[in-house]
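Below is one structure, written out as structure tokens; the observations come after it.
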Protein chains: 2
Amino acid sequence: MAACGNSGEKKDSGMMNTGDAAQKVYVAPGEYDEFYAFMSGGFSGQISVYGLPSGRLLKVVPVFSQDAEKGYGYNEETKPMLNTSYGFVPWDDAHHPELSQTDGVPDGRWIFINGNNTPRIARVDLTTFETTEIIEIPNSGGNHSSPFITENSEYVVAGTRFSVPFPQKDVPIDSYKENFKGALTYIKADEPGNMDVSFQILVPGYDYDLAHSGKGKSHGWTFFTTYNTEESHTLKEVNASQNDKDFIAAVNWKKAEEYLKQGKGKKMPANYMHNYYDEETHTATSTEKKEVTVLIPSECPGLIYYLPTPKSPHGVDVDPTGEYIVGNGKLSADLTVHSFDKMLTAIENEEFEGEVDGIPILKLDAVSAGTVSSGGLGPLHTEFDGKGNAYTTFFISSEVVKWKLGTWEVLDRAPCYYSVGHLMIPGGDSKSPWGKYLVALNKITKDRYLPTGPEMNHSAQLYDISGDKMELLLDFPTIGEPHYAQAIPADIVMKNSKKIYPIEENKHPHAVKNEKDVRVERDGNVVRVYITSIRSHFNPDNIEGIKVGDKVYFHLTNLEQDWDTPHGLSIMGARNAELLVMPGQTETLVWEPQKPGVYPFYCTDFCSALHQEMQGYIRVSPKGANVPIKWSLDGEE
Amino acid sequence: MAACGNSGEKKDSGMMNTGDAAQKVYVAPGEYDEFYAFMSGGFSGQISVYGLPSGRLLKVVPVFSQDAEKGYGYNEETKPMLNTSYGFVPWDDAHHPELSQTDGVPDGRWIFINGNNTPRIARVDLTTFETTEIIEIPNSGGNHSSPFITENSEYVVAGTRFSVPFPQKDVPIDSYKENFKGALTYIKADEPGNMDVSFQILVPGYDYDLAHSGKGKSHGWTFFTTYNTEESHTLKEVNASQNDKDFIAAVNWKKAEEYLKQGKGKKMPANYMHNYYDEETHTATSTEKKEVTVLIPSECPGLIYYLPTPKSPHGVDVDPTGEYIVGNGKLSADLTVHSFDKMLTAIENEEFEGEVDGIPILKLDAVSAGTVSSGGLGPLHTEFDGKGNAYTTFFISSEVVKWKLGTWEVLDRAPCYYSVGHLMIPGGDSKSPWGKYLVALNKITKDRYLPTGPEMNHSAQLYDISGDKMELLLDFPTIGEPHYAQAIPADIVMKNSKKIYPIEENKHPHAVKNEKDVRVERDGNVVRVYITSIRSHFNPDNIEGIKVGDKVYFHLTNLEQDWDTPHGLSIMGARNAELLVMPGQTETLVWEPQKPGVYPFYCTDFCSALHQEMQGYIRVSPKGANVPIKWSLDGEE
């Protein structure tokens, strides 16, 4: 079909194979995809929801960044969601979507994602696909090794990406080794609306890159990779690549809970925000905490150990049994696999080769289960198919390698176009993978799609892994930069999906549930317009008595109660985004009119054959004018 | 594949057909789509670029709304693009993408799109897929019937969506008939960077809904639909649906040019902005104009005529020959087709049935070419396949109807899921349609895809129209609300696509083209960081001497010169989005640090195996501290 993307070279996919692949990814009109795939947006700050196997973009869920399309971060209800301890921040760098789990299996209730920059963690409610909660991580310099949930969603975790002065203070950068520290943070996650920093562990000033929680036999532990154990602070591409081995940090969080009970936690000052969106009232609130509980490893023996791992390990991945801990040493020739059982024995036998700040360093040969020598270059991430196989991405050699757990033999390899970062198998980091597909998330796109100027979308590749050999099915472009993805069978999420917000449950303080109650109220220079939408009119649609200098709140309640009947509200002259209000919801737009005149407002979502007629006018008079508040629809107040 | 979307009912697509469709839409990995499709984002404010026939989203081009993913509207270079005469507006409602034309055929140089709310028109440069120019329309209440370019891109047009006081002033809303007027605006469009309001025509206070320029024999004319000829101002769904006929306004813009030469234009006050992005300097500038030239129909005979058209016509579409002007009367039982030749004759013979404000109303039977009685309900839009056929969408009966130009007979009909608005055939409103595919843009999605809570993406449907009967191939979800789309064969755009910005052509006033020239300069409390990125370090990466109260400009130049090697810049603690800088580009992030400390910054786009190491630190000291400006990479200044 049309021209070949790769300059000159045709791939050797015979027509037969192409035909098979076409059938395998085609989802006929009106049929549903098999899986929801949730991809991080990376520098977009959001989550993109794709259907698999079609690769169709079902929705972008705004999380950490303003989204004018939905009014997210612009309307009064969601603005507080983007508050941080240092003010309103309209953007973040969203990395790792992580589905909630029950007994180590994704359960489809929520999906969490970390903000790498601010640093934060968000919860998205999968009954509504809306972001309902965001919490800031104190004492951290970025949040990359996060959220990587525990087996029953007890905690999401957050390891500092970069070390910073702890607590933050003005010191010379070259005092790094003396002043800079890391923090590993555990946040209670099992109650919606109540995320809370449970405790932090003070750790050496390394960079904490990725993490995974244990499962099954290793439940109660979390594993974090480190790099820059050199503690360098400049030209890290050279200076942080000196040591032959860095560490995987093994944290016993059950032990941490014991120490907390014993009162070993130290209260330390730390400003951080918790933002929560209440679905009933359709409003968000922000609260700020001033202190955090910190555990010091030297005072808490058994809390944390270091496993030496060659070299600058990126991903750390735990197999479905919980026994194997795979360190993807990006500058290492081989993959290093640790054994959880051997680790426990080594701890018992105190097989240590040293310690750092009270953290024992285990001997590598005492914990090593094996190594995978694949010939691939630049291993980054590993996932599992639940049938005893592992799949590892190699960034430099641009490929996925399939290998066998326990024997470490290489079974298959498939090229990626180009420079693959993360990969994803539905449930592939859980106790029970649905090992049918694999998605490679590629960092370089170049000539894979029709060019779009210097900037190309990133690119995903879908493989069928149901057979012995991986079969490439489809390339599809992705929004932002998906640093990770998770997928789940559709029915698990669908069965709880909400279609509307029942109007009788709407507890928004400024909701209007009946057209009879619409009104415009003035209190000093604050004017509140209680307005409704239903096909195809606003009520009221003529408003007078607004004056320059007023602060006008439009509280729009969408009275519709059918699925997929949103209404929008746009006010000409307002310096804001629109509202896009779902059935039964109330949202608020603030307008501070600048000049006298008569301004149209209209519905922004084509809602009926008479959508173009869904419109009204607001009259703005000069400050001090003697024009009383007046509102109407077709002459009736 | 998986569960059926429609509750219970299976569509009767045999396996053979499904197989055919799968093959027809499948674009194998590494191959290119045949067409670029540009879809408006509606309330997202942007343009989405899709590949056809795959339906894959290739890119979102930010136009009228802030886009945190690309830093658009957040970095210093693009912020001025979103200036209006009443301040910075972070959002608009983008409706109709319109490719530039040469001799009535899309030429792939630029794509224009209207902002319905503010009201504005933007130009996107298709060598870079970046928005390079935005102009505001004065004296308009929204801009819906726009941009609908003329045959050689002489003008883009803008008809007021809603009438407003002209000029804007504080009057009672119920003085509508006395005070409210419309304006039809012509904007010079053929020189990039020089869009300019050429003239406006003052017209009665109707709502001007859609438009199309003439072509071939009707070159030199533009046709605008009107509704609300009742001039109602409240409950329009009823009050603007009273008249049996509204009008299509036929404007002779060649005649307008003559009147302008004769000095018939009146200078009137009107504040409006022109924003232009210079690709060489990578910076945008804003200029404001204070007046506009207005033509008054009563003083300019032959400038404009009204063609009576039943009833509340929405789209007005001109066939490839330029002879037929199709009025899609959304409340009419039939489609009304006017003849351009008959219109000229009727004008010559003065076959008028009246006039409004100096605008002659032609007799319907004198201009009518025929009517299409299809039995469909709610016709909205028509496009053409270049083979003598027309395709019309019917919103209420949810279908596309194919009919024959000249005989008006119905040839085929296909159901749409659900409530189709616009439709698009590549080149389908031009002189030379590439009539292979048809895309229906549906307003209601409901159960067509896996549910995503109360809010579902909108939905497009792709049909093969190469045969006698329309064949449905694919459903794919779309971002925002595509109010229209245009498509063009890939090679026309590809051949001019830029891969990088040559560094030697970078004339940004704060560019650094060589690592030797990086530096940090203080001027009072303004600090400028001249910083570069190249795999995999920033230079400098350690910066000291910044103080609370400073305003720090990070001017990042990306020194890379390979395709698809952007770097990002995120500063922890900054209340802003990141920068995402293409090869050879310079972009600027402003930070006003609030608290002393040492803050990491890092690259946000995974650029190499050592991307995680691409990081630096900035030390912030208290106001007044005696810490001199200092910068380094690995100890060297």
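Going by average Cβ density within 10 Å per residue, which order do the peptides B:165-172, A:109-116 take, highest to lowest?
Order by mean packing, descending: A:109-116, B:165-172.
So if R0 is 60 Å, what FRET efficiency would residue A:525 and residue A:20 give, r being the distance between their Cβ atoms, rounded to the nearest 0.05?
On the way: r = 68 Å, r/R0 = 1.13.
That pair, residue A:525 with residue A:20, gives E of 0.35.
Report which residues of segment A:310-331 become buried by 30 Å² or more of accessible surface when going from the isolated chain to the complete set of protein chains (1.4 Å probe; DNA, RNA and ligands ignored).
Relative to the lone chain, where solvent access is computed with a 1.4 Å probe, segment A:310-331 loses at least 30 Å² at A:330.
Assuming R0 = 51 Å, what is the FRET efficiency of residue A:623 and residue B:396, from their Cβ-Cβ distance, to the nearest 0.05?
E between residue A:623 and residue B:396, to the nearest 0.05, is 0.65.
Can you pull the mean other chain C-beta count within 10 Å for peptide B:91-99?
Counting other chains' Cβ atoms within 10 Å and averaging over B:91-99 gives 3.
Any chance you could run the full-extension gain for residue B:178 through residue B:244? It's 0.36 nm times the residue separation minus the Cα-Cα distance, nm to one decimal.
On the way: separation 66, 0.36 × 66 = 23.76 nm, distance 2.29 nm.
Residue separation times 0.36 nm, minus the Cα-Cα distance, leaves 21.5 nm.
Using the 2.2 N^0.38 Å rule of thumb for compact globular proteins, work out how chain A stacks up: its C-alpha Rg over that value, please.
Details: Rg = 26.9 Å, N = 637, 2.2 N^0.38 = 25.6 Å.
Here the Cα radius of gyration is 1.05 times the empirical estimate.
Which distance in nm do the two modelled labels at residue B:468 and residue A:231 give, with both placed 7 Å along the Cα-to-Cβ direction?
Placing both labels 7 Å beyond Cα along the Cβ direction yields 8.3 nm.
Computed FRET efficiency, Cβ-Cβ of residue A:592 and residue B:268, R0 22 Å: what is it to the nearest 0.05?
The calculated FRET efficiency here is 0.20.
Taking K and R as +1 and D and E as -1, what net charge do the other residues with C-beta under 13 Å from the C-beta of residue B:54 add up to? Each step should come with its number before you reach the end.
On the way: positive: A:56, A:448, B:24, B:56; negative: A:475, B:31, B:33, B:34, B:475.
That works out to -1.
Distances in nm, one decimal, shortest first, from residue B:549 to the same residue in every other copy, taking the label point 7 angstrom along Cα→Cβ.
Copy-to-copy label distances at residue B:549, shortest first: 3.5 nm.
Nearest 10 degrees, 0 to 90: what angle lies between the long axis of helix B:15-25 and the longest principal axis of chain B (Cα atoms)?
Compared with the principal axis, the helix lies near 60 degrees.
Taking the simple approach of a point 7 Å from Cα along Cα-to-Cβ for both residue A:290 and residue A:365, what is their distance in nm?
The two pseudo-label positions are separated by 5.5 nm.
Whose amide H sits under 5 Å from the amide H of residue B:411, counting only residues 5 or more places off or on another chain, with H placed in the peptide plane?
B:402, B:403, B:404
Taking the DSSP beta bridges in chain B as the whole, what percent of them are antiparallel, to the nearest 5?
Values: 160 of 176 bridges.
Of all bridge pairs located within chain B, approximately 90 percent are antiparallel.
Going by amide H atoms built from the backbone, whose H comes under 5 Å of the H on residue B:481, apart from near neighbours?
Here B:42, B:43, B:44 satisfy the definition.
Can you check what the net charge comes to around residue A:573, using other residues whose Cβ is under 11 Å from the Cβ of residue A:573 (Lys, Arg +1; Asp, Glu -1)?
Cβ neighbours under 11 Å give a net charge of +1.
Taking all protein chains as present, what is the carbon and sulfur share of the accessible area of segment A:38-494, in % to the nearest whole number, probe 1.4 Å? Present the calculation step by step, with values, prior to reporting the outcome.
Values: 5580 of 11520 Å².
On segment A:38-494, the fraction of accessible area on carbon and sulfur atoms equals 48 percent.
Long-range amide H contacts for residue A:474: which residues qualify at under 5 Å (H placed 1.01 Å from N, peptide plane, sequence gap of 5 or more or a different chain)?
A:462
Sequence gap at least 6, Cα distance under 8 Å: using those rules, report the relative contact order of segment A:511-632 to the nearest whole percent.
31
Sorted by packing (mean other beta-carbon atoms within 10 Å per residue), highest first, where do A:48-57, A:409-418 land?
Most protected by this proxy first, the peptides run A:48-57, A:409-418.
Between segment A:239-255 and segment A:68-138, what is the C-alpha centre distance in whole Å?
28
In whole angstrom, how far apart do the alpha carbon centroids of segment B:520-563 and segment B:577-637 sit?
Cα centroid to Cα centroid, the span is 6 Å.
Across the residues of A:48-59, average count of Cβ atoms on other protein chains within 10 Å? Intermediate results must be reported in sequence, preceding the final value.
Numbers: counts 1, 5, 2, 6, 2, 2, 10, 5, 12, 10, 8, 10.
Mean shielding count: 6.
If one takes the accessible area of chain B alone plus chain A alone and subtracts that of the pair, with a 1.4 Å probe, what total in Å², rounded to the nearest 100, results?
14200
With charges only on Cβ, +1 for K and R and -1 for D and E, what is the dipole size of segment A:38-494 about its Cα centre, in debye, rounded to 20? Mind dumping the intermediate values first?
On the way: 38 positive and 62 negative charges, 49 e Å.
Dipole about the Cα centre, nearest 20: 240 debye.
Shortest first and in nm to one decimal, what separations exist between residue A:387 and its copies in the other chains, measuring from label points 7 Å along the Cα-to-beta-carbon line?
4.6
Let me confirm one metric for peptide B:557-570, namely the mean number of other chain beta-carbon atoms within 10 Å of its residues' beta-carbons.
Whole-number average of other-chain Cβ neighbours for B:557-570 is 3.
Taking a probe of 1.4 Å, how large is the accessible area per residue of the protein assembly as shown, in Å²?
Spelled out: the 1.4 Å probe surface of the protein assembly as shown, per residue, equals 29 Å².
Output wanted: per-residue J couplings in Hz (rounded whole) for segment A:253-259, from phi through Karplus 6.51 cos²θ - 1.76 cosθ + 1.60, θ = phi - 60°, x for Gly and Pro.
Ordered by residue, 3J(HN,Hα) equals 6, 5, 5, 4, 4, 4, 4 Hz.
Hey, can you list the residues from segment A:580-605 whose accessible area shrinks by 20 Å² or more with all protein chains present, relative to the chain by itself (probe 1.4 Å, no ligands or nucleic acids)?
A:580, A:582, A:594, A:595, A:596, A:597, A:598, A:600, A:602, A:604, A:605
From Cα pairs below 8 angstrom and at least 6 apart in sequence, can you work out the relative contact order of chain A, rounded to a whole percent?
Numbers: 1824 pairs, mean separation 68.0, N = 637.
Once divided by the residue count of chain A, the mean separation gives 11 percent.
Put a point 7 Å out from Cα along the line to Cβ at residue B:299; what are the distances to that point in the other copies, in nm, shortest first?
In ascending order, 8.5 nm.
Straight-line reach from residue B:623: which lysines fall under 21 Å, measuring Cα to Cα and dropping same-chain residues less than 8 apart?
The reachable lysines, counting only those whose Cα sits under 21 Å from residue B:623, are A:169, B:547, B:551, B:595.
Just to confirm a number: summing +1 for Lys and Arg and -1 for Asp and Glu over residues other than residue A:612 whose beta-carbon lies under 15 angstrom from that of residue A:612, what do you get?
Once positives and negatives cancel, what remains is -4.
The values are calculated or read from the model by the stated rules, or taken from the named source; none is laboratory data. Predicted model only: the values in this text are computed from it and were never measured. Cβ coordinates were reconstructed from backbone atoms using ideal geometry, including for glycine residues, and neighbour counts include every protein chain displayed. Only protein heavy atoms, including side chains, enter the accessible area calculation; ligands, DNA and RNA are left aside. Shrake-Rupley method; radii C 1.70, N 1.55, O 1.52, S 1.80 Å.
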